[in-house]
Every structure is written in structure tokens, then in C-alpha cells.
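**Q** Quick one: the structure is below, questions incoming.
A short reminder: the numbers here are calculations on the coordinates, not readings from a lab. Everything numeric here is computed off the predicted structure, so don't read it as measured data. FYI the Cβ positions are ideal-geometry reconstructions off the backbone, even for glycines, and counts take in every protein chain you see.
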Amino acid sequence: MTQAPKPAKIAKASKFFKKTLPNGLRYLFIPMEQTQTMLAMTLVATGADFESKKDNGLSHFLEHMCFKGTTKRPSAKDIALELDTIGADYNAFTSRGYTGYFARAHKKHASHIFEIVSDIYLNSNFPNEEIEKEKGVVIQEIHMYADDPQSRVSKLATNLLYGDQPAGWEVIGTKETVSSFTRKDLLRYRKNHYDAKNTLVVIAGNFDQKQIEKEIKKTFGKMPAGKKNVRAKTVVRQSRPQVAIDARETDQTHLLIAFRAYGYEKGGIPSKLDKKVSGKFDSVSMQKKIYALRTLSTALGGGMSSRLFQKMREELGICYYVGSSASLRPDAGDFVISAGVANDRVKEALEGIMEVVRQFKAGGITEGELSKVKEYRLSGLVLHLETTEDFAEFYGKEEILQDKITTEEEVSKRIEATTKEEVNIVAKEVFNSSGVNLAITGPFGEKDKKEFLEIISRV
């Protein structure tokens, strides 16, 4: 039997500290004494999954507007000039489950960086003239994604999986919703979502802990407590294979085969499953399911030695790119295989991909594959935890999404503990015809749909 690899060494961050203010605001310290930088990040537990249909894209738009001026720093130029003057790296981001703002600079500017990020988060004033200008910027961003075939096919797959509900809407919103946003909408959304119980302050790097803690209490201590944001429940309804085609003339076809998978709190797989398989897996925790799913993803389509790459690229020479990934929400998830294929070889490519899926489902992962995948994932964890930003986002994401932190050491142990049987049972559960979807963009029409449907149904 092949022995599992020893965990790769992950280090460079000391033990983290997490505390909560009386109003419910959480703050997280990640000391990294070997670095010369400090990063301040504020995270808020809101994003696209917390929006109404009318507000779709408002989380993202508000994030943009927070850099357009505050009471203390009236313009976007004032903010940028002050950050640039101290050589700071700064940005913001919006996801489905959370929004973040951060800045990083030399440790001597630690208090200054914290103050600027806090000011942006708490005191943005949303000037009307900037709102109208930013609408044009965001709408151009929407056009950019619409022109990108991989973005289009991803949107198509998301719609198949989740439809007209927050889980199926775009983070960026639509041209119609973005065009409708007003200053009143921004103020309302911030008041309802940006409060102490939904806010996490993350400080990573080299800094004076006592001083920064004092500043956090002073700056955020009087922030209204509010109440925890509640995301809309994702409804999963599917009983048969689905195909959606974005018909257009292209030089290359882009496709996504999306299987319904698990949420990290409870499953989102359709009920039409092999009862024997489901029953066998009932006693296995959701945590083990998730780690087995990610192991499955790596074995199937992670790296050039994966089964999909070897079959589609090396053996058949069909795909320029091919891979797989797992996306998880609290109550639903999906397992996606993506590929770029020559227009005249799409059906051959679909047959090849489904053949790999069927073989994996029938025969499972080997001990040799499992050992290789574990080492791949352990090394990847190390590679993605090297900077203050890496650690801040790693720990912060855990806390803001799940109200608890799984450390990198714990993640390593769970990767190592994943068994062959767990991976194989997950493959049997996820790879089922009642939960498979195909999204494709290329020169195809309704006449091709029936054949595509027949191919993906053979799971």
C-alpha cells in the first residue's frame, strides 16, 4: 500500500487571536513578525446572495463607491493620493457571501493604513456625481464579461443550476439594476448590512497588537450592533439532465458540464440517488464529503497529470484547456468540468469527458492517485499562504462565512485523512444523470441539443 505523504510545512504566521467587542464586531490578529508589512482588512457578511432582485449588483456597486470619497477625504483622488504616498497596495472585492476592503504597506504605516481602511468602510459619503460616473464604469464591466465566451458559458451554467434566485444572479448585477441605483439605495443597503455583528476586522503582518487593538475599540466600538444578515435559502429543483446553448459564431466552443454537489452545511444534491450509496454515506460527516469532493476534483481535472487532461489533451488532442472545480455554498454546491474545444470536435469531446467520468464512477480513485493528489493539495496550500493578504483572506473567509476558523494545520490533517472509500462514494453520489447540466457557447442550435443531452445522460 502506498503511504500518504507527510504534511507539507506551512508556517510563517504565528497563532492568530480572535476577539469580539460588546457590540458584536469581531477582530482577528494574525501576527507575522518575519515580514516588514502590515495589512488591514475589513470584511462584511453580505454579497450577491443577500440581495433582492431589485438590488442585484448593489453589494458590488457599493464596494466601488466606497473609494469615491469620505467625510475626511472628500474625493477618490484624496484617498488614492494618500495611499500612494505611503506606497500602499490597496483594493476591494465582492463575492456572493462577503465583501472586503484592504490596504497593505510598510509596518511603520500600520496605524495610518488601519485608519484609512476604517474611514473608507465607515464614512464613505457616496457623492451623486460619482454615482452616475461609476454606473458607466460598471456597465462597461458588464459588457466586458458579456464579450468573454468563458464568462458567458459560466453565466449560462449558473442559470441552469440555480435559475431566478440569488444563487443564480450575477454578482455584478445587470445593466437595468445598476442603472437604477441611487444614493438613497446605497445608504439604505449600508445601514441594513454594514453593522457590527456582520463586520470582521482582520490585521495581518508585523504590527503593535496593543496599539491596533486600542484603535479598533475606539473606531468600531460605537458602531451599531445590528443583526446578523440572513442569506436567501437556495432552492434546488432538478430531476433530469439539462442543456442550454448560447448559439453564436465562434472560433472555439466553450463548454461547462455542471453536476450538482454539496453545500458545506447540508447537501444540495437532487433526491433521485442510488439509495444504497446515499445510505452508506449518511454516517459520514459533511466535512468529510467536502474534502472528498475536492480530492475528486483534483484527481479528475487538477493539473496536467489529471485524468481529464491526459485523456482530452494528451490522448485525443481535442482541448486547449480542460479542468474541474468544486464550488460550495452553505446549502448547495456544484462540481464543474470546463473545456475549450474546436467547433468540429465538440461531440467527440463530450463523449471523451463523459467516458472519463463513467470510468471514475465505476472504478474509483487508486491508492497511487490518492497519494499524488494529497501531496498536490498540501503543496498548493503552502503556495497559497505566503503573504499577509493570503493569510488575511484565508482566515477571514473562514470566520465571515462560517463563524469559525479551520487553521491551515487542520486543513492539512483533513486532506491527509481523506480515504479512498470516501472519494469513491462521493463520485457515485455526485455523478448522476438527474443532476447533470451542460452549458455551451458556439455555433450550435436546437438540432444539436437532443444529441448533447443524450451524451451527458450516460453517467
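**Q** Return the whole-Å distance between the Cα centroid of segment 82-123 and the Cα centroid of segment 391-459.
**A** The distance from the Cα centre of segment 82-123 to that of segment 391-459 comes to 33 Å.
**Q** In the neighborhood of L160, defined by Cβ-to-Cβ distances under 15 Å, what is the net charge if each Lys or Arg adds +1 and each Asp or Glu adds -1? Present the calculation step by step, with values, prior to reporting the outcome.
**A** Working: positive: R152, K155, R237, R240, R260, K449; negative: D164, E170, D246, D334.
Once positives and negatives cancel, what remains is +2.
**Q** If the only charges are +1 at each Lys and Arg Cβ and -1 at each Asp and Glu Cβ, what is the size of the charge dipole of segment 242-456 around the Cα centre, to the nearest 20 debye? Can you show the working numbers first?
**A** Details: 30 positive and 35 negative charges, 181 e Å.
Using only the charged Cβ atoms, the result is roughly 860 debye.
**Q** Further question on the same structure: Using Cα positions and a limit of under 27 Å, work out the lysines in reach of K450, with same-chain residues fewer than 8 apart set aside.
**A** List returned: K155, K272, K311, K347, K361, K428.
**Q** Once you have the Cα-Cα distance between T406 and S52, take 0.36 nm times their residue separation minus that, and quote the gain in nm to one decimal.
**A** Details: separation 354, 0.36 × 354 = 127.44 nm, distance 3.10 nm.
Length gained, T406 through S52: 124.3 nm.
**Q** What net charge do the residues around E215 carry, taking every other residue with its C-beta under 11 Å from that of E215, with Lys and Arg at +1 and Asp and Glu at -1? Don't jump to the answer; show the numbers that get you there.
**A** Working: positive: K210, K214, K217, K218; negative: E115, D208, E213.
That sum, taken over residues with Cβ under 11 Å, equals +1.
**Q** Using the number of other C-beta atoms within 10 angstrom as an exposure proxy, rank S379, S285, S434 with the fewest first. Numbers along the way, then the final one.
**A** Numbers: S379 12, S285 9, S434 17.
Placing the least packed residue first, the sequence is S285, S379, S434.
**Q** Something else: Tell me the angle of helix 346-363 to the major Cα principal axis of the chain, expressed in degrees between 0 and 90 and rounded to the nearest ten.
**A** The angle comes out at about 90 degrees.
**Q** Here's another thing I want to ask about it. Taking the structure as given and computing Cα Rg over 2.2 N^0.38 Å, which label from (i) 1.04; (ii) 1.30; (iii) 0.94 fits?
**A** Matching entry in (i) 1.04; (ii) 1.30; (iii) 0.94: (i).
**Q** Could you give the angle, 0 to 90 degrees to the nearest 10, between helix 209-220's Cα long axis and the longest principal axis of the Cα atoms of the chain?
**A** Tilt of helix 209-220: around 90 degrees.
**Q** Moving to a separate point now. Before rounding to the nearest 500, sum -39500 (n - 2.57) across all DSSP H runs of length at least 4 in the chain and divide by the residue total; then give [θ] at 222 nm in deg cm²/dmol.
**A** On the way: 16 runs with 200 residues, N = 459.
Roughly -13500 deg cm²/dmol at 222 nm, from the helical runs in the chain.
**Q** Using the count of nearby Cβ atoms within 10 Å as a rough guide to exposure, how do H112, H384 rank from fewest to most?
**A** Values: H112 19, H384 14.
With the fewest neighbours first, H112, H384 line up as H384, H112.
**Q** Quick one: net charge of V373's neighbours, Cβ under 12 Å, K/R +1, D/E -1?
**A** That sum, taken over residues with Cβ under 12 Å, equals +2.
**Q** If one takes the longest principal axis of the Cα atoms in the chain, at what angle in degrees, from 0 to 90 and to the nearest 10, does the Cα axis of helix 128-147 lie?
**A** Taking Cα atoms only, the helix is inclined about 20 degrees.
**Q** Could you give each residue of segment 180-189 its phi-based ³J(HN,Hα) in whole Hz, using Karplus coefficients 6.51, -1.76, 1.60 with θ = phi - 60°, and x for Gly or Pro?
**A** With coefficients 6.51, -1.76 and 1.60, one gets 8, 5, 10, 4, 4, 5, 5, 5, 4, 5 Hz.
**Q** Further question on the same structure: Among the trypsin sites (Lys or Arg not before Pro) in segment 350-449, which ones are in a DSSP loop with at most 15 other Cβ atoms within 10 Å of the Cβ? Mind listing them? Each step should come with its number before you reach the end.
**A** Numbers: sites: R358, K361, K372, K374, R377, K397, K404, K413, R414, K420, K428, K447, K449; in loops: K404.
Sites meeting the loop and neighbour criteria: K404.
**Q** Stick to Cα atoms and the Kirkwood definition of Rh, then tell me Rg/Rh for segment 17-220. Please list the in-between numbers first.
**A** Numbers: Rg = 17.8 Å, Rh = 17.9 Å.
Reported Rg/Rh (Cα atoms, Kirkwood Rh): 0.99.
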